[in-house]
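Shown next, in structure tokens, is the structure this report addresses.
Readers should treat all values here as calculations from the given coordinates under stated rules, not as data from a laboratory. All values derive from a computational prediction rather than experimental measurement. All Cβ positions, even for glycine, are placed from backbone atoms using ideal geometry, and neighbour counts span all protein chains on display.
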């Protein structure tokens, strides 16, 4: 880490992997929460001598040795962080001011503060998940290298599965491959395959895993073990404040794939195009298919947040609870395919619902660029967001320029703006408001203060 890189990091502000602590004269013990949160998540930088509003206040040089010693003693003390983590503060001078910083790596273990409190880093800060059983289960599964889809339910029986769904999957697999291994298997034989029926090595008992239940299970059985299981589809074409119509899908994944697509396609304006061979091409339908497929396959099923698909007149936005590995806006050039639910993804490919890993983002991007002349947005964070626009980039840019001016006019009149006020002003979703504010910030038109929910922006005169 050099001075230039550190300045850029500070200028970008606090985020999922960066935390500022003022600590001019002593250590605030709140830094321990951040260390634990970074260890339990994806790691990050904790920088001392910088305020929340990105001002470099520096460390008092008379106490720097004491701060470094106190830091080392605290992070190595199992009564404070358990298991302890040997970390050491580094010094750096920026504009004649001394700061201290430490890089905290992602740990393979679950760490606790004061032997009792478990923190996890999110894009909104350090979150106490001690009493959140689903967040804890997700954390321990991730640290063990297991996926939630492999969680075993030993009390589930053959009768809890929907035979019509299994028959449907078998037929689809044969259409995809006439030599499908499922061709001559009974429903029970399909379910008893090693991908679905496994040994729980903690208890020594066999049972069906979550993937099999989500793929083939009866609706009422899925609801009984995951009360939060659903996909919420909202139509906002006329009534943008609330909604025109709403459909809540609680079917198993295979049936959800068809039912969700059917609802969206019947409630969206879908112009048809001609492909290079002069054949009618439903570009909107292709995009919808890929959005639905990726939402069902890559969902974090231990997160009780319901996935949402919001239908607007000129765009679709999808939001999905996610086990992020990037925490950034993705493009076809910078994303690395990662199968979050490998068993579910394999079945979707087997029955022709999905192609190879990573193809969804590429196909959505290619179709949008070719037929709608628009660039889709993929935001990889704790809630994965996709925004697909059915109007061209040039028209979007014109609309965005007008909205940016509205933001500036609002700040000039009212002094500040935050993301919520921006959404209300423009009547847009959070992802779009964030994009507009980020562009104004990058262009030096506004300055950001605070962090998380306390973030606000002022106009640069």
(request) Could you tell me which of rounded, prolate or oblate describes region 1-149, using a ≥ b ≥ c as the square roots of the eigenvalues of the alpha-carbon gyration tensor, with rounded for a/c under 1.5 and, failing that, prolate when a/b is larger than b/c and oblate otherwise? (result) prolate
(message) Could you work out [θ]222 nm for the chain from helices alone, using -39500 (n - 2.57) per DSSP H run of at least four and dividing by all its residues? Round to the nearest 500 deg cm²/dmol.
(response) -11000 deg cm²/dmol
(message) Need the full-extension length gain, residue 275 to residue 346, defined as separation in residues times 0.36 nm minus the C-alpha distance. One decimal, nm.
(response) 22.6 nm
(message) For the ranges 59-70, 159-170, 275-286, what's the packing order if you count other beta-carbon atoms within 10 Å of each residue, average per peptide, and put the highest first?
(response) 159-170, 59-70, 275-286
(request) Can you tell me the relative contact order of the chain? Whole percent, Cα pairs under 8 Å, sequence separation 6 or more. (result) 11
(request) Kindly list the residues of region 385-412 that lie in the label zone of residue 370, defined by a backbone N under 15 Å from the point 7 Å along the Cα-to-C-beta vector. (result) none
(request) Could you order peptides 423-431, 248-256 by the average number of other Cβ atoms within 10 Å of their residues, highest first? (result) 248-256, 423-431
(request) Compute the Cα gyration tensor for the chain, then decide on rounded, prolate or oblate, letting a ≥ b ≥ c be the square roots of its eigenvalues: rounded whenever a/c is under 1.5, prolate when a/b is larger than b/c in the other cases, and oblate in all that remain. (result) oblate
(request) With everything on Cα atoms, drop me the angle between helix 3-12 and the longest principal axis of the chain, reported from 0 to 90° to the nearest 10. (result) 60
(request) Please determine, in degrees from 0 to 90 and to the nearest 10, the orientation of helix 64-75 with respect to the longest principal axis defined by the Cα atoms of the chain, where the helix direction is its Cα long axis. (result) 30
(request) Determine the relative contact order of region 148-225: mean sequence separation of Cα pairs under 8 Å and six or more apart, normalised by residue count, in whole percent. (result) 45
(request) Report, to the nearest 10°, how far helix 283-297 tilts away from the longest principal axis of the Cα atoms in the chain, using its own Cα long axis and a range of 0 to 90°. (result) 70
(request) Would you mind getting me the FRET efficiency between residue 202 and residue 5? Use the beta-carbon distance for r and R0 = 35 Å, nearest 0.05. (result) 0.20
(request) Going by C-beta contacts inside 10 Å, put 104, 292 in order with the fewest on the left. (result) 104, 292
(request) Pull out the extension gain between residue 461 and residue 438, defined as 0.36 nm times the separation in residues minus the alpha carbon to alpha carbon distance; nm, one decimal. (result) 6.5 nm
(request) Kindly rank 223-236, 328-341 from highest to lowest mean number of other beta carbons found within 10 Å of each residue. (result) 223-236, 328-341
(message) What does the C-alpha gyration tensor say about the overall shape of region 231-394? Classify as rounded when a/c is under 1.5, otherwise prolate if a/b is larger than b/c, or oblate.
(response) rounded
(request) Only Cα pairs under 8 Å and at least 6 apart count here; give the relative contact order of region 231-394 as a rounded whole percent. (result) 23
(request) Please work out the C-alpha center-to-center distance from region 400-437 to region 1-29 and express it in whole Å. (result) 27
(request) Between residue 393 and residue 25, take the C-beta separation as r, use R0 = 51 Å, and let me know the FRET efficiency to the nearest 0.05. (result) 0.50
